[in-house]
Amino acid sequence: MSKPRLVLIGNGMAGVRTVEELLKIKPDHYDITIFGAEPHPNYNRILLSPVLAGEMTISEIVLNELEWYKEKGIKLHTGKQIKTIDRAKRKVIAEDGTEEEYDRLLIATGSTPFMLPIPGNDLPGVIGYRDIKDTDEMIEAAKLHKHAVVIGGGLLGLEAANGLKLRGMDVTVVHLGPWLLERQLDEVAAKMLQKSLEDKGLKFLLQKQTEMLVQGESGRVAAVRFKDGMTIPADLVVMAAGIRPNYALAESSGIYCNRGIVVNDTMQTYDPKVYAVGECVTHRGIAYGLVAPLFEQAKVAANHLAGYGIGRYTGSVTSTKLKVTGIDLFSAGDYMGGEGTEEIVLNDPYGGVYKKLVIKDNKLVGGVMYGDTADGPWYFQLLKDGRDIHDIRDQLIFGQSLVGDVGHAGNSKAASMPDSAEVCGCNGITKGVIVQAIKAKGLFTLDEVKKHTKAASSCGSCAGLVEQILASTIGGAYTPAASDKKPVCGCTEQSHKAVREAILNQHLITKEAVFKALEWKTPNGCDKCRPAVNYYLISTWPHEAKDDPQSRFINERSHANIQKDGTYSVVPRMWGGLTTPNELRAIADAAEKYNVPTVKSPAASVSTCSVSRRKTCPASGLTSTRPAWSQAMPTASRFAP
Amino acid sequence: MSNWKLICKLEDIPQLGSRVVHWPERGKVAVFRSSDDEVFAMHDKCPHKGGPLSQGIVHGKRVTCPLHGWNIGLDDGKAVAPDVGGCKTFEVKVENGEVFMAA
Ligand SMILES: Cc1cc2nc3c(=O)[nH]c(=O)nc-3n(C[C@H](O)[C@H](O)[C@H](O)COP(=O)(O)OP(=O)(O)OC[C@H]3O[C@@H](n4cnc5c(N)ncnc54)[C@H](O)[C@@H]3O)c2cc1C
Ligand code: FES
């Protein structure tokens, strides 16, 4: 019996993700054929920005290598655009005449950059920013030309501008709105963002309407002229003023469209044999332009294509991050607020931190964060869960660590996240899924987690968090029994258990001896194995082995918890919150001695201090500091009663 | 030619450890010493969220940031994949047990 045939139009992020989801739940159900207009296998479009910025290469952003298609038995036609869908004969026809029949059709044609309808928009040197070809063209232009103008101060425009600037062009961003990213940010955050982008050398023209693009003698674009008469030079114009869903193909075959291919909650179009996902779709009147919701759609579509009929897509709340290295920006939900909402705002222009949370009926409905976005995913989770926040409201703005009162460094954060919390916003992967995969499949590295769960494989901004989950799940020195046979880290084949036994049986007392005896692959280990080995050494041979401060995490070295800004917090011990006047005085003296700016005393007593001992080099007049741990840091034990 | 400034003695920096130089125009510069006594210098600011790299664990030619564990190459200042980003590095040399940085 032959299998039913599934044809996918659009070899992009949403379509291929649907196929992947399908293969995961029902591997051999269909004979699958994929058509893609681009001459490439499926790649991570999001990462075109770091490619433009010179931080990654095209080969690094490929998601599915050609081998993958082969392995899965998928017939792939790259560089072939479908021109016609013949729904009566159930077949699709490509530009070059290639035909393919289907039993189920999946349309995932994405979208195209919106080119402003102004004179000159088709001149050489005027492009959108959508695919590898556009990216290559920008990289080429940056080599030959000087002036770039980016029209549109949204996420895409700013990422393009940043990349072109890094490639040496003189870049001006033209924006019609009153402030940048007005669909993601309120005015305050936008101004802070603009300031730091200006510090990077970008120029901005706000509330400017472009009238026309002027042709130069060479035939290429040479200038941009505005409605108010101003003209600026431009050898490259990037239009980033929005995207238009690609639905013309579907519409011409008679499938109902309304500013996008209209689908129901099962991602089915008005033709029951035809499904659609991605940016080409409108669902309940909304067309999404970010991968996270598209991947949710993919999951639902796959389930229905597999014939299980479980799951409905009911729409998504989205969150965004700007992928410009060195700038932290996060926004989610209804960040502007308005009627019936309340706002909690933390504004520290000097420290470059701004946070705004919008609350409605005791629930978080939106937020903007600039400068310190570490708690973004946590707020986003509260928002999606619709959790009643009135009990934590007074501390909400300070983030999860304060609310939960769970330690300070990042580690405890991963450990304290609930299993349902979303870690990877791009791919909608929760902590529970990651922990489960780590345990069940015995994953040990970030790469393995990426491969198995897809977490951290799109924009990568959650890689740190995934690593923390790995660390808190499999432990550094504290390995659960289950992973007894797993190597400590990439530096060795030995397990934690084997290392401990070798230290004991062979009477090893230095890390060098351990590395030698167990044939370590790296000269001095790494941040995973060194602390573990050091710990095993001093715990096995407490009188002989010498503690190595260079193998300890800073929190242990200094008996203080490192904070996000590089200062430390120290918690003097006060049993049950009780202390004597003398001890309190000792704390005050110590705080004064080390110029501690503030001493907080909530339920747990935390004081923040930054310690630096300076020593001036007589020859150069430069000051240098020994790392804090080698100085007399006030430590918890010094204060212990 | 470069103008070299004396910073400290090599022995002032622990092996696999660091020292921070406060250079007025550059801010804080972390100077690292590897196990084979090579010395490297870069901004004491992790490309991820500005963590103090000088407080990280040094191994081979890398340092692991204490905040979220990014690995930064000591010789090129680049974040090790899959992370992306970089840190400005500065030229340093060791002569007769003394560490110099290019001005
Ligand atoms: C530079 C850049 C940065 C981005 N950054 C982010 C980000 O940080 N976060 C985020 O969430 N989103 C980001 N996005 C948006 C994200 O990439 C898109 O939402 C996502 O790729 C859409 O997936 P899709 O499958 O719907 O469309 P696409 O990925 O565009 O795939 C559609 C594919 O179909 C092909 N196609 C179209 N018509 C036909 C036809 N008739 N026949 C054959 N093939 C056809 C197209 O060539 C294309 O390859 C970014 C986009 C860009 C361009
Ligand atoms: S600040 Fe260095 S890893 Fe986050």
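A few notes on this one:
- If you go through the stretch A:534-558 and keep only what is surrounded by 16 or more Cβ atoms within 10 Å (Cβ to Cβ), away from chain B (no Cβ under 13 Å), in contact (Cβ under 8 Å) with a residue 24 or more places away in the chain and more than 24 Å from A:Leu470 (Cα to Cα), you end up with A:Thr540, A:Trp541, A:Ala545.
- Residue list for the stretch A:153-176, filter: open to solvent by 10 Å² or more (accessible area, probe 1.4 Å) and in contact with a strand residue (DSSP E or B) (Cβ under 7 Å, 6 or more places away or on another chain): A:Leu155, A:Lys165, A:Asp170, A:Thr172, A:His175
- On inspection, B:Met101 does not qualify as surrounded by 17 or more Cβ atoms within 10 Å (Cβ to Cβ), more than 9 Å from chain A (Cβ to nearest Cβ), more than 16 Å from ligand 1 (Cβ to nearest atom) and in contact (Cβ under 8 Å) with a residue 40 or more places away in the chain.
- None of A:Gly352, A:Gly260 is assigned by TED's automatic domain parsing to the domain that holds A:Glu101, in contact (Cβ under 8 Å) with a residue 24 or more places away in the chain and either over 20 Å from the mean Cα position of the chain (by Cα) or within 16 Å of ligand 2 (Cβ to nearest atom) (or both) except A:Gly260.
- Taking the stretch B:57-96 as the range and being touching a residue at least 40 places away in the same chain (Cβ under 8 Å), part of a loop (DSSP other than H, G, I, E, B) and surrounded by 18 or more Cβ atoms within 10 Å (Cβ to Cβ) as the test, the residues that pass are B:Leu74, B:Cys87.
- Taking the stretch B:72-82 as the range and being away from ligand 1 (no atom under 16 Å from the Cβ) and within 8 Å of chain A (Cβ to nearest Cβ) as the test, only B:Ala81 passes.
- Meets criteria (of a type in the set (A, V, I, L, M), closer than 26 Å to A:Ile93 by Cβ and under 35 Å from the mean Cα position of the chain (by Cα)) for A:Ala250: yes
- Note on the stretch A:259-375: enclosed strands (runs of 3 or more DSSP E) holding 1 or more residues that are within 15 Å of ligand 1 (Cβ to nearest atom) and within 14 Å of chain B (Cβ to nearest Cβ) are A:319-321, A:329-333.
Here is a yes/no grid of residues against (1) closer than 30 Å to A:Ala298 by Cα; (2) open to solvent by 60 Å² or more (accessible area, probe 1.4 Å); (3) without any contact (Cβ under 8 Å) to a residue 24 or more places away in the chain; (4) out of contact with any Leu (no Cβ under 8 Å at 6 or more places or on another chain):
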site	(1), (2), (3), (4)
A:Gly309	yes, no, no, yes
A:Thr314	yes, yes, no, yes
A:Ser319	yes, no, no, yes
A:Thr325	yes, no, no, yes
A:Ser331	yes, no, no, no
A:Asp348	no, yes, yes, yes
A:Leu357	no, no, no, no
A:Val368	yes, no, no, no
A:Phe380	yes, no, no, yes
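- Annotation: of all residues in the stretch A:122-151 being closer than 30 Å to A:Ile255 by Cβ and assigned to a loop (DSSP other than H, G, I, E, B), the one that is most open to solvent (accessible area, probe 1.4 Å) is A:Asp122.
- Condition check for A:Val224: of a type outside the set (D, E, K, R), open to solvent by less than 40 Å² (accessible area, probe 1.4 Å), under 30 Å from A:Gly157 (Cβ atoms) and at pLDDT 95 or above: yes
- The single condition among (1) surrounded by fewer than 24 Cβ atoms within 10 Å (Cβ to Cβ); (2) facing chain A (nearest Cβ under 9 Å) that B:Asp37 does not satisfy is (2).
- B:Glu11 open to solvent by 20 Å² or more (accessible area, probe 1.4 Å), more than 7 Å from every other protein chain (Cβ to nearest Cβ) and part of a helix (DSSP H, G or I): yes
- Test set (1) open to solvent by 40 Å² or more (accessible area, probe 1.4 Å); (2) modelled with pLDDT of 95 or more; (3) more than 16 Å from ligand 1 (Cβ to nearest atom) - A:Asp103 fails condition number: (1)
- Tally, over the stretch A:401-433, of residues that are away from ligand 2 (no atom under 16 Å from the Cβ), modelled with pLDDT of 60 or more and of a type outside the set (Val, Ile, Thr): 15
- Test: residue in the stretch A:229-237 that is under 30 Å from the mean Cα position of the chain (by Cα) and not assigned by TED's automatic domain parsing to the domain that holds A:Glu20: yes
- Every condition in (1) basic (Lys, Arg); (2) away from ligand 1 (no atom under 12 Å from the Cβ); (3) modelled with pLDDT of 95 or more; (4) farther than 26 Å from A:Thr231 by Cβ holds for A:Lys191 except the one numbered (3).
- B:Ala41 being in contact (Cβ under 8 Å) with a residue 60 or more places away in the chain and of a type in the set (Gly, Ala, Ser): yes
- Against the conditions (1) within 24 Å of the chain's Cα centre (by Cα); (2) at pLDDT below 80, A:Thr479 satisfies every one except (1).
- Qualifying residue in the stretch A:43-64 (condition: more than 9 Å from ligand 1 (Cβ to nearest atom) and under 30 Å from A:Ser252 (Cα atoms)): no
- Filtered residues of the stretch A:515-533 (kept if closer than 26 Å to B:Trp70 by Cβ and more than 10 Å from chain B (Cβ to nearest Cβ)): A:Phe515, A:Trp520, A:Lys521, A:Ala532, A:Val533
- Members of the stretch B:29-64 found to be within 22 Å of A:Ile327 (Cα to Cα) and more than 14 Å from ligand 2 (Cβ to nearest atom), listed by number: B:Val29
- Residue in the stretch A:114-121 that is over 25 Å from A:Leu290 (Cα atoms) and open to solvent by 30 Å² or more (accessible area, probe 1.4 Å) present: yes
- Answer from B:Gly85, B:Gly56 - the residue that is at pLDDT below 90 and either basic (Lys, Arg) or within 16 Å of ligand 1 (Cβ to nearest atom) (or both): B:Gly85
- Residue list for the stretch A:198-215, filter: touching a residue at least 12 places away in the same chain (Cβ under 8 Å) and out of contact with any helix residue (DSSP H, G or I) (no Cβ under 7 Å at 6 or more places or on another chain): A:Lys203, A:Leu205, A:Leu206, A:Gln207, A:Lys208, A:Gln209, A:Thr210, A:Glu211, A:Met212, A:Leu213, A:Val214, A:Gln215
- Residue ranges of helices (runs of 4 or more DSSP H) in the stretch A:4-116 with at least 1 members polar (S, T, N, Q) and in contact (Cβ under 8 Å) with a residue 40 or more places away in the chain: A:13-25, A:48-52
The values are calculated or read from the model by the stated rules, or taken from the named source; none is laboratory data. These numbers come from a predicted model, not from an experiment. A quick note on method: Cβ atoms are made from the backbone with ideal geometry, for glycine too, and the neighbour counts reach across all protein chains shown. Ligands, DNA and RNA are excluded from the accessible area calculation, which covers all protein heavy atoms including side chains. Shrake-Rupley method; radii C 1.70, N 1.55, O 1.52, S 1.80 Å.
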